[in-house]
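Below is one structure, written out as structure tokens; the observations come after it.
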Amino acid sequence: MELERQIEEAATYIARARKLVAFSGAGVSAESGIPTFRDPGGLWDRFDPLELGGGDIFTSIFSGARVPQAAVDFVSEMVAVLERARPNPGHYALGELERMGILRTVITQNIDNLHREAGNTKVIEVHGNIFRMACMICGNRIMLEREELFAMGRELVEMLRAGNIQGIVRVASKCRCGGVCRPDVVGFGEPVQEMPRAISEAQSADVLLILGTSGMVYPAAYIPEYAKRAKARLVEINATGCYFQDLVEVGMVGKSGELLPRILERVKYLRSYSVF
Ligand code: OAD
């Protein structure tokens, strides 16, 4: 019953919103088969991020330095998992909220491109996007198609396993300048992307949806606080608990792929009858 009441409350805030912004984390993609980082059995439960080498891993790979076996296993798992992943009902509900003119921006920590695949067009990816390559020589950015990315990913994994540096360099030389490209994602110790734009979107929101994030990684985790200080109403959905309890008006414990479509249905209903 409590959950029903919370769904109604969240839907009412959203239906009335002039500018809804969503802030998402790995939990939103969990129902697409991508493991989260900090849940039991999650990526950081099985891999030590320090051992993976943060952003330096790319320099190591292309310079012929020894790549830790854990990093090869991590890349291999991510290529397989991301290749299978498709948007889930939570992503599609956000796409629909944008088409309805309610959701203006998605600020995400996810690199999986699933918000865009589900129809969101204004997506700020503060930790980058795995489909985008960055040339390590000239800085040029290249967006790859799904097929191209995963063909390259599979080939890279093979070369990494074989320790074939020349092969790796050949596969990754994607830039028009001939330079080697790395995925344009943020590793530990590297600066986040587009944070000023993300902050400004959060500050101009009147409702912020916080979805599937443990709020442990800064500066991204400051986003809800920026929105709150600018007087936004905050609604949180998380499968294991409320991590922004002190800030939110509504804190729902449940899966985003189940709750967002239910909230969307209520928003449609309220909009169709109301004065909002
Ligand atoms: P975490 O793994 O820290 O948190 C994911 C949250 O999603 C957890 O609190 C889960 O309870 C929740 N969750 C799991 N399944 C869910 C579901 N179906 N619906 C709703 N919630 C669900 O992931 P993030 O907070 O995104 O950074 O982690 C932030 C950053 O830490 C990542 O972007 C990554 C990582 O280090 C970089 O790689 C730079």
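The values are calculated or read from the model by the stated rules, or taken from the named source; none is laboratory data. Every value quoted in this text rests on a predicted model; they were computed, and no experiment measured them. FYI the Cβ positions are ideal-geometry reconstructions off the backbone, even for glycines, and counts take in every protein chain you see. Side chains included, ligands, DNA and RNA excluded: accessible areas come from the protein's heavy atoms. Shrake-Rupley method; radii C 1.70, N 1.55, O 1.52, S 1.80 Å.
The table below lists the values:
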item: Gaussian network model of the chain, springs between alpha carbon atoms under 10 Å - residue of N140, N88, N120 with greatest fluctuation; result: N140
item: Extension gain from W44 to K19, taking 0.36 nm per residue of separation minus the Cα-Cα distance; result: 5.6 nm
item: Descending semi-axes in Å of the stretch 188-233, equivalent ellipsoid built from Cα gyration tensor; result: 19, 13, 8
item: The stretch 157-261: trypsin sites (Lys or Arg not before Pro) in DSSP loop, at most 13 other beta carbons within 10 Å; result: R176, K231
item: In sequence order, calculated HN-Hα J values of the stretch 155-168 (Karplus, 6.51, -1.76, 1.60; Hz; x Gly/Pro); result: 5, 4, 4, 4, 5, 5, 5, 8, x, 8, 5, 4, x, 4
item: Amide H contacts under 5 Å for L103, placed H, 5+ residues apart; result: E98
item: Relative contact order computed over the stretch 95-158 (Cα-Cα under 8 Å; 6+ residues apart), in percent; result: 24 percent
item: Candidates R266, R46, R18: whichever shows maximal mean-square fluctuation once the chain is modelled as a Gaussian network with Cα springs under 10 Å; result: R46
item: Whole-Å semi-axes of the ellipsoid equivalent to the stretch 150-276 (Cα gyration tensor, √5λ, descending); result: 40, 19, 16
item: Carbon + sulfur, % of accessible area of the stretch 130-276 - ligands and nucleic acids excluded, 1.4 Å; result: 51 percent
item: Among E236, E98, E158: highest mean-square fluctuation, GNM of the chain, C-alpha pairs under 10 Å; result: E158
item: 5 angstrom amide H check on I124, placed H, neighbours 5+ away; result: V106, I107, T108
item: Cβ-Cβ FRET estimate between T59 and R176, R0 fixed at 22 Å, reported to 0.05; result: 0.55
item: Sequence-distant aspartates and glutamates (8 or more away, or on other chains) whose Cα lies within less than 19 Å of K255; result: E2, E4, E8, E9, E31, D39, E96, D112, E236, E265
item: Value of D in µm² per second that Stokes-Einstein yields for the chain, Kirkwood Rh from Cα pairs, at 37 °C (0.692 mPa s); result: 168 µm²/s
item: Given charges at beta-carbon only (K, R positive; D, E negative), |dipole| of the chain in Debye; result: 860 debye
item: Neighbour cut-off at most 13 other Cβ (10 Å), DSSP loop, trypsin sites (Lys or Arg not before Pro), the stretch 62-100; result: R66
item: Förster radius 25 Å - calculated FRET efficiency between E249 and Y218, Cβ distance, rounded to 0.05; result: 0.65
item: Cα-projected label distance for K268 with E2, points at 7 Å along beta-carbon direction, nm; result: 2.9 nm
item: Mean accessible surface per residue for the stretch 146-250, computed with a 1.4 Å probe while every protein chain stays in place, in Å²; result: 49 Å²
item: Semi-axis lengths, Å, the stretch 1-123, gyration tensor of Cα atoms, sqrt of 5 times eigenvalues; result: 35, 16, 12
item: Charge-dipole axis of the stretch 47-129 as Lys and Arg at +1 and Asp and Glu at -1 on Cβ define it, positive-most pick from A71, G128, I57; result: G128
item: Potential lengthening between I165 and I142 on full extension [0.36 nm per residue; Cα-Cα distance subtracted]; result: 6.1 nm
